[in-house]
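The values are calculated or read from the model by the stated rules, or taken from the named source; none is laboratory data. A quick note: this is a predicted structure, and the numbers were derived from the prediction, not measured. Glycine also receives a Cβ, built like all others from the backbone with ideal geometry; neighbour counts cover every protein chain displayed.
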Amino acid sequence: MADEPLARFGRDFEAGEVLFQQGEPGDHMFVVQSGKVRISKRIGNKERTLALLGHGEFVGEMAILNGKPRTATATMVEAGHCLIISAKTLETMVSKNVEIALRLIKKLASRLDAADALVEILMHQDPRVRVILGLARWADTAGEANDAGVEVALSIEELADDVGVEPAVAADVIARLRRLKLVRESAGGFFISDVGRLEDFLEFLEMPAAPRGGK
């Protein structure tokens with residue numbers, strides 16, 4: 001969706017600028033060309049981060065597709081550039097371009113997979129495991145990879161809220177991962193040096209405890 005003919009639909013956004021609010025009607029969607037967008041949802045008295053989306057991601061398409069109010073709020077956390085696509089324009093694009101239709105379908109399927117993964121995390125009884133699963137999920141869906149590992153732009157409070165644990169629990173787990181040199185703090189959140197080792201440690205935590213005094 002980043003073709004030259006679409007350039008006229010784009011505009012720049014400042015960090016902190018709200019693209020749309022939870023509960024309001026939606027007649028357009030956004031395609032992130034640069035910068036990052038935080039998707040959050042108010043649950044009770046808390047604002048919960050659902051995702052951090054970057055280059056190439058679609059934002060706000062569900063309100064167009066189902067005609068219902070926005071289910072979340074989208075806020076620019078980094079200044080960037082987005083394409084703004086109206087419902088009518090999207091309908092025309094999808095009807096005339098099979099590639100765009102397939103990309104949209106794949107993106108919706110990916111969102112469903114992410115929702116299923118979060119449900120599985122929240123169902124886990126061990127809060128320590130939920131924290132590590134949540135960290136691994138963010139690394140997979142919103143992490144920035146380089147030769148040294150993966151950086152996740154997420155605070156301890158946001159991570160704790162994401163997986164339904166107290167911030168103190170998340171802080172204890174992160175501290176343990178730091179001692180094991182699996183995670184270190186970065187300017188924007190956490191830096192995971194080796195996601196594979198993180199998953200190995202997760203398997204260790206999930207191993208059943210050996211019975212005491214057994215033969």
Q: Restricting attention to the stretch 129-183, report how many residues are basic (Lys, Arg) and either in the same structural domain as Glu78 (by TED's automatic domain parsing) or surrounded by 14 or more Cβ atoms within 10 Å (Cβ to Cβ) (or both).
A: 3
Q. Quick check, is Arg111 modelled with pLDDT under 70, part of a helix (DSSP H, G or I) and basic (Lys, Arg)?
A. yes
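Matching residues to (1) at pLDDT 85 or above; (2) within 21 Å of the chain's Cα centre (by Cα):
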site	(1), (2)
Lys68	yes, no
Ala87	yes, no
Lys96	no, no
Leu102	no, no
Glu120	no, yes
Arg137	no, yes
Arg179	yes, no
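Return the residues of the stretch 38-61 that are of a type in the set (Asp, Glu) and modelled with pLDDT of 85 or more; say none if nothing qualifies.
Within the stretch 38-61, Glu57, Glu61 meet the criteria.
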Q: Return yes or no: is Ile64 closer than 29 Å to Glu166 by Cβ and at pLDDT below 90?
A: no
